[in-house]
Structures are given as C-alpha cells and as structure tokens.
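Here the structure comes first, spelled out in structure tokens, and everything after it is commentary.
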Amino acid sequence: MEVYFDQAQLSPEGAEVFVDVSFGAIELYIPRHWNVENNVHASLVGVEEARRFNNASENSPKLTLTGNVSLGGLEINYI
C-alpha cells in the first residue's frame, strides 16, 4: 500500500498517523519540509527512511508516526 501526503495540510498542532501492518508493507510519501517523529514499534522487520534531506524548520508542521509493524515493512519516503 502507498499513501501520499503531498496534498495534505497539517493543523498548527500537527497530526498523528497510526499504522498497523502485519505480513505486508506500506510506503509513506511525506513532504520533506515536515518534521517527522517516528514512534513505530517494529518486530522482526525493518523501518526504512529513504531520501531524507533536512529541509524542516522548527516552525514546520509535525507529523507523529505511531503503531506497529510485524513481519512486514514500513518505508518512509520524503518528497
């Protein structure tokens, strides 16, 4: 599954995305100017962040990733 956030606008308080992946994979495409806090718990898998260039400032929107990934994969791409 692929989820694109390039057309999303976060509130000033930010947003939280909960992921729950088992025996599968998900790819998130997140604007590179957002601050991302990755709190996803991974069990027997990898969580990969690809193409991260720190274009986020202190005032940039904050996206918090939470949830669980087991026997699958989570890939975070910055666009």
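Quick note: the coordinates plus some simple rules give every number you see, no bench work behind them. Predicted model only: the values in this text are computed from it and were never measured. Note that we place each Cβ from the backbone using ideal geometry, even for glycine, and neighbour counts take in every protein chain shown.
At a Förster radius of 30 Å, what calculated FRET efficiency corresponds to the Cβ-Cβ distance of Ser70 and Phe5, to the nearest 0.05?
On the way: r = 23 Å, r/R0 = 0.78.
According to the calculation, E is roughly 0.80.
Taking Cα atoms of the chain, Rg/Rh with Kirkwood Rh, to two decimals? Write down the numbers at each step before the final one.
On the way: Rg = 12.3 Å, Rh = 12.8 Å.
My calculation puts Rg/Rh at 0.96.
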Please go through region 1-65 and write out the GluC sites (Glu not before Pro) that DSSP classes as loop and that have at most 15 other C-beta atoms within 10 Å.
Glu13, Glu58
Compute, for region 10-79, the length of the dipole vector about the Cα centre, with Cβ point charges of +1 (Lys, Arg) and -1 (Asp, Glu) only. Units Debye, rounded to 20.
180 debye
